[in-house]
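The values are calculated or read from the model by the stated rules, or taken from the named source; none is laboratory data. Because the structure is predicted, anything quoted here is derived from the model rather than measured. Here the Cβ is made from the backbone with ideal geometry for all residues, glycine too, and neighbour counts use every protein chain on show.
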């Protein structure tokens, strides 16, 4: 019982926040009609997919005490690569695998540089942010990469001919979230990720191969970012080297709103997913309220600060 | 009594259901050095936090020089004349010594630093301490710990404190620096500053303090003149335990050589060390801080690369180095630095205790959480770790209990060769006694133990063989019977004949 109440307290914060924003947007006259409908939530879920999949990888990285600023650029680069492969007539599954591989490769480079050169993740990924974005533009010759059509385009559409089913992207994000949560909680790899983030010196002293572990974490997270790139491509239906600028900040914000600590060792997949949903609900609700985008940006900025502040208050009371 | 600088009467403080202080009374005269003695958890830190204004008391009165003393916060306490030097120094390492001394109390005119007055005030504070020679322009981070402490004391002196609280000031000082600090304290005493001195080193308290007060479970259980008190009496007050029980000695026959260190060196400090360790042997490593004792353990454990020499475990030279291999070979390492290296403070007791062998709690990379928790819970019971349950975050435990968990990690692994670096540093006497008992039992069970300790009675009390390091070299290795405290100090300072 005590265990349950403690988990509720620790995980409940983001969840209460999510309920709160949903309730708030259900009340005004402008949104009352449409906000709390199945169709709107289908849109919200679909809009969450890219950030949510990115947040899966980012949660691993942040829990391990790291950060990755190159996510938006990785997504742009993989989506350009994917579009070019489709142009060459590749089938959807090989395209998917190739894009995940490209993402993983960027992660591998990040991880190797961070662990091998012993440099801070902030600097390394700030560098790859530029490198990957530039490469994407170079590969695409500074234009969007268009293709006739591909089944991939159907993976993120909300215009579902069968009426009620959610698009493939939502199911994939959901399934991966469950798998990643299990990976982090129940496996040696996952527990080592927490150990690394909580205290790297202890992890090393206890015989954890920290260098290899870091490379593995960034590579796996990179694979998630590659997959996020796939759904970005599916949504835009073209490869755009200028897409997802600054998306890493949304992803980091989701993870932080979800209760993770930037100093490492703390964070949950469930929390990050709720964090991603909070961001999507805020965007969706603000649009329906007819608020201008600058107003949305201000609100989301404030929510991040308030969420982390409340989280700290709660932690303080617990201790 | 008019000559009372600080008087505390029946101070009480509770945190939720926990009564940290039940009733503490204290009287200190001007120019008196007063030792506060007690096990961890006895209420010393809570009392100091109340004195320095970090907490308010629930009940009781405080008087400073005859007026009620009710500090609102540490800054207010400082202005009222009570300054505190924390165990963990609070310096801005990237600022100069002078900037640190004047931090928060800069001499300025309309926001511009007045260089001349600043220099004079900083210099004046240093001369009060007898450290005029300290280079005020050097960055604080470039000074030794002992010098940094002087900077911090100088900062406290800027506001001419009536009472100066020092929390474990010698915990990271060498013998020589400790003596210098005592000279500084004597100067302050002569100027009429009252000093509250907190330390786990009872001998030290006896050397420096005029009077003492013993706390136990949040209550004052005794106080008096230091000169007339015996250490045994004080330890009995603290623990209700006789001091001779501290170092248990069970018979432990020695077996085959399990660890051989041959002319090992590592950068930057360890120059040369050779030793042999037998099953059932407790090998003590003495020496000053910085003599290379920790470096030797780290080199044996594969945390630092060897620049020369060889480490043989169970008779075979080991090519495979690194902590992972060492754990695999049955070697366990206890870090001297619990907070920064030894433990993951924001993780549970369970995760900390089982980190070296997670794979053993399940198959194919899965961790069976229930089994892991059961094992941790068993150790918590066995070592009497004070905690809610094994799921509690380790950062919430006291130092002694944290250390028990850190040690349990080696016991659970299980290790055959124990490398223990300052296993009793900063923990209460009760936990210390328990750790001595544990080490003795390990030896009786045929395990081999290397213990680094700066505390000589401990080395002489628990070890079979003692080696002393000096300036990166392991110079003398002899059976315990051939050592005395003086002998060890001589060897450690390189003045052995």
Single residue of segment A:188-209 satisfying the filter (closer than 21 Å to residue A:255 by Cα and without any contact (Cβ under 8 Å) to a residue 12 or more places away in the chain) that is farthest from the other protein chains (Cβ to nearest Cβ): A:190
Of the residues in segment A:253-273, those that are buried (at least 24 other Cβ atoms within 10 Å of the Cβ) and assigned to a loop (DSSP other than H, G, I, E, B) number 5
Scanning segment B:365-394 residue by residue, the ones that are within 12 Å of chain A (Cβ to nearest Cβ), in a helix (DSSP H, G or I) and in contact with a helix residue (DSSP H, G or I) (Cβ under 8 Å, 6 or more places away or on another chain) total 4
For residue B:356, indicate whether it is crowded, with 16+ Cβ neighbours inside 10 Å and more than 8 Å from chain A (Cβ to nearest Cβ). no
For segment B:413-422, which positions are surrounded by fewer than 23 Cβ atoms within 10 Å (Cβ to Cβ) and in contact with a helix residue (DSSP H, G or I) (Cβ under 6 Å, 6 or more places away or on another chain)? B:413
Right, residue B:487: touching a residue at least 12 places away in the same chain (Cβ under 8 Å) and assigned to a helix (DSSP H, G or I) or not? no
Within segment A:80-90, restricting attention to residues that are out of contact with any helix residue (DSSP H, G or I) (no Cβ under 6 Å at 6 or more places or on another chain) and free of Cβ contacts under 8 Å to residues at least 24 places away in the same chain, which residue is nearest to residue A:174 (Cα to Cα)? A:90
Kindly check whether there is at least one residue in segment A:210-224 that is buried (at least 23 other Cβ atoms within 10 Å of the Cβ), within 14 Å of another protein chain (Cβ to nearest Cβ) and out of contact with any helix residue (DSSP H, G or I) (no Cβ under 7 Å at 6 or more places or on another chain). no
Quick check on residue B:407: is it farther than 24 Å from residue B:45 by Cα, in a helix (DSSP H, G or I) and more than 13 Å from every other protein chain (Cβ to nearest Cβ)? yes
Report whether or not residue A:179 is touching a helix residue (DSSP H, G or I) at 6+ places or on another chain (Cβ under 6 Å), within 14 Å of chain B (Cβ to nearest Cβ) and surrounded by fewer than 24 Cβ atoms within 10 Å (Cβ to Cβ). no
Out of the residues in segment B:436-460 meeting the condition of being within 15 Å of the chain's Cα centre (by Cα) and in a helix (DSSP H, G or I), tell me which one is farthest from residue B:379 (Cα to Cα). B:456
Only one of A:77, A:56, A:36, A:69 is in contact with a helix residue (DSSP H, G or I) (Cβ under 7 Å, 6 or more places away or on another chain), surrounded by fewer than 23 Cβ atoms within 10 Å (Cβ to Cβ) and modelled with pLDDT of 95 or more; which? A:69
Sole residue being over 18 Å from the mean Cα position of the chain (by Cα), surrounded by 22 or more Cβ atoms within 10 Å (Cβ to Cβ) and farther than 30 Å from residue B:324 by Cα, chosen from A:311, A:250: A:311
Lone qualifier among A:150, A:135 - being over 21 Å from residue A:245 (Cβ atoms) and buried (at least 17 other Cβ atoms within 10 Å of the Cβ): A:150
Spans of helices (runs of 4 or more DSSP H) in segment B:75-167 with at least 3 residues without any contact (Cβ under 8 Å) to a residue 24 or more places away in the chain and farther than 18 Å from residue B:191 by Cα: B:115-128
Counting just the residues of segment B:300-344 that are within 13 Å of chain A (Cβ to nearest Cβ) and at positive phi, which one comes out surrounded by the most Cβ atoms within 10 Å (Cβ to Cβ)? B:302
Please determine whether any residue of segment B:360-378 is crowded, with 18+ Cβ neighbours inside 10 Å, in the same structural domain as residue B:393 (by TED's automatic domain parsing) and closer than 15 Å to residue A:196 by Cβ. no
Could you pull out the residue among B:202, B:129, B:173, B:188 that is within 28 Å of the chain's Cα centre (by Cα), modelled with pLDDT under 85, buried (at least 16 other Cβ atoms within 10 Å of the Cβ) and farther than 24 Å from residue B:427 by Cα? B:129
